[in-house]
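Engineer: One structure, pasted below without further comment.
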């Protein structure tokens, strides 16, 4: 079957309005994100994600040692009643 992708002469494509236009925009955005983050997820993207996660976790170390670690120490000495008794 032959396919001619040339648009018909003199006829404008049907433009969506209202809710249909909004849904069309969101559908198009989701399709773009699908291709960008799922279909195009290659080794370079994997490397970039791993580097980004590593950097964010490294940035959280001062917070962990300043806040979470002392809080964990305090809570380890607190005896809470067992919820299953």
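What follows draws every value from the coordinates through simple rules; no lab data is involved. In this text the structure is predicted, and so the values were computed from the model without any measurement. Positions of Cβ are backbone-derived with ideal geometry, glycine not excepted, and every protein chain shown enters the neighbour counts.
Engineer: Hey, what angle do you get for helix 19-34 against the long axis of the chain, alpha-carbon based, 0 to 90 degrees rounded to 10?
Structural biologist: The angle comes out near 60 degrees.
Engineer: How much mean residue ellipticity at 222 nm does the chain get from its helices, if each DSSP H run of length 4 or more adds -39500 (n - 2.57) and you divide by all residues, to the nearest 500 deg cm²/dmol?
Structural biologist: Estimated from H runs of four or more residues: -18000 deg cm²/dmol.
Engineer: State the three equivalent ellipsoid semi-axes of the chain, derived from the C-alpha gyration tensor as the square roots of 5 times its eigenvalues, in descending order and whole Å.
Structural biologist: The answer is 55, 22, 13 Å, longest axis first.
Engineer: Need one number: nm distance between label points at residue 77 and residue 15, each 7 Å from Cα along Cα→Cβ, rounded to one decimal.
Structural biologist: About 7.1 nm separates the two model spin labels.
Engineer: Right, next: On a 0 to 90 degree scale, rounded to 10, what angle separates helix 43-63 from the longest Cα axis of the chain?
Structural biologist: Between helix and principal axis, roughly 30 degrees.
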